[in-house]
Amino acid sequence: MHWLSNVRLAEATVCSHRAGRRWRIGIDGEERIAAVEPIPAGSTAAGEDWQGDWLSPPGVDLQINGGLGLAFPELTAADLPQLEALLDLLWRDGVEAICPTLVTCGVGPLREALTVLAEARQRHRPQRCRLLGAHLEGPFLAPERRGAHPLAHLCPPGLAALEERLAGFQGGPEADIALMTLAPELEGASEVIAALRQRGVLVSLGHSTATEGEAEQAFAAGVGMVTHAFNAMAPLQHRAPGPLAAAVLKGGVALGLIADGVHVAPSMAVLLQRLAPEQVVIVSDALAPYGLGEGAHRWDERLLIVQDGSCRLEDGTLAGVTLPLLEGVRRLAGWSGRPAWAIAAATLVPRRVLGQRAPLERLLLGRPLAHTLRWSEGPQGLQWQRAARTAATA
């Protein structure tokens, strides 16, 4: 057994005992993590000294809309090779799994895209980003808060409309549909929420006019997440706290956060994480131009302008980003001075959202070391690389 010593585990916890703990990691002959042991306070442990760097699993992105020119709602069977190239790019960018997000579109394209994603899921291979169940962002959204979603394809919540879209597809993190964003205050939404929960689909509040009280009712009914917090919803105000206050006070409700500094001001992103460090989940919200250059790109029949990593429609409507998921980690860590919390927000907390409740040390056991990430702080801020033994000790 080869040992890595003086390692920190990237967790979002306010428990000072765990936050300050150092660990040693045992690597077996197959270069897999075979042991994760705490180092008692005040003692030292033999092994390769990581000097307090953090160890984490790779990222999991619960909201990504496409990349390399592909928009997930437009997928056809002919796009499978390009989709696999995108999944290879995501792996290189430190992302292990995604919930491919399908923004509001027609029923036919939605069902075709889900079929293509199911085929791609069957073609998975090692060292390629894994496709989890899809994230359906719409069509049961509040028109007033639709953002860049096309009004023509929005529809009122209803069991018939839900069945028209999902018939024949399975719900669950590892199945066809993992997550659905809707506006829970709309008439008919409560029945849809119950049906989705019965299917094993996580329901998220988003593109919504919900008040604090309406959000409280939704969370009590099983809504377990907020989609891109602060965006496309009522703001956090002292006399109208809105859905974010309800989510923080409820606890256990995941708070999706686009940490680019544009969708949410850095100070508000830091405030949200300080209020609820175990609830914040960094998402990329990356669009089809992810992995391509800046400038003008097509998005369905509309033009998308990419500048400095932000995507806007021609009328200036903010639509998404082209930044990698882990760039959001770097930015949040730089704003907050809490690297472990930022790392966990993109690597551990999304796994918790999808039902992986085991302690981080147990989640790491059995993983190839090369399939984990090593994070260190330097003059350029927080940096990551694939974890590996040093050449001198390998």
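Each reported figure results from applying straightforward, stated rules to the coordinates on display, with no laboratory input. Note that the structure is predicted; figures quoted are calculated from it, not measured. No Cβ is skipped: glycine too gets one built from the backbone with ideal geometry, and neighbour counts run over all protein chains shown.
Rounded to the nearest 5, the antiparallel percentage of DSSP beta bridges internal to the chain is 50%.
Basic side chains Lys and Arg get +1 at the Cβ, acidic Asp and Glu get -1 at the Cβ, and with that the dipole of the chain about its Cα centre reaches some 1160 debye. Each DSSP beta bridge with both residues in the range 160-296 is either parallel or antiparallel, and the antiparallel ones are about 0%. Expressed as a fraction of 2.2 N^0.38 Å, the C-alpha radius of gyration for the chain is 0.97. By other beta-carbon atoms within 10 Å, ranking R351, R197 with the fewest at the front produces R197, R351. Determine, at each q value in 0.12, 0.15, 0.22 (inverse angstroms), the log₁₀ of I(q)/I(0) that the Debye formula gives when each Cα of the range 249-389 is one equal point scatterer. For the range 249-389 at q = 0.12, 0.15, 0.22 Å⁻¹, log10 I(q)/I(0) is -0.56, -0.84, -1.32.
Radius of gyration over Kirkwood radius for the range 345-394, both on Cα atoms: the Rg/Rh ratio is 1.04. Taking θ as phi - 60° and the Karplus parameters 6.51, -1.76 and 1.60, the scalar couplings of the range 22-29 work out to 10, 10, 10, 10, x, 10, 7, x Hz in sequence order, x denoting glycine and proline.
Exposure proxy shown here: for S190, S336, S208, S56, the number of other Cβ atoms within 10 Å sets the order, fewest to most, as S190, S336, S56, S208. Near the amide H of D53, within less than 5 Å, lie the amide hydrogens of R8, all on another chain or at least 5 residues away, with H placed in the peptide plane.
Would you be so kind as to identify which of V262, W299, L287 lies farthest towards the positive end of the dipole of the range 59-353, taking Lys and Arg as +1 and Asp and Glu as -1 on Cβ and the Cα centre as origin? So the residue we want is V262.
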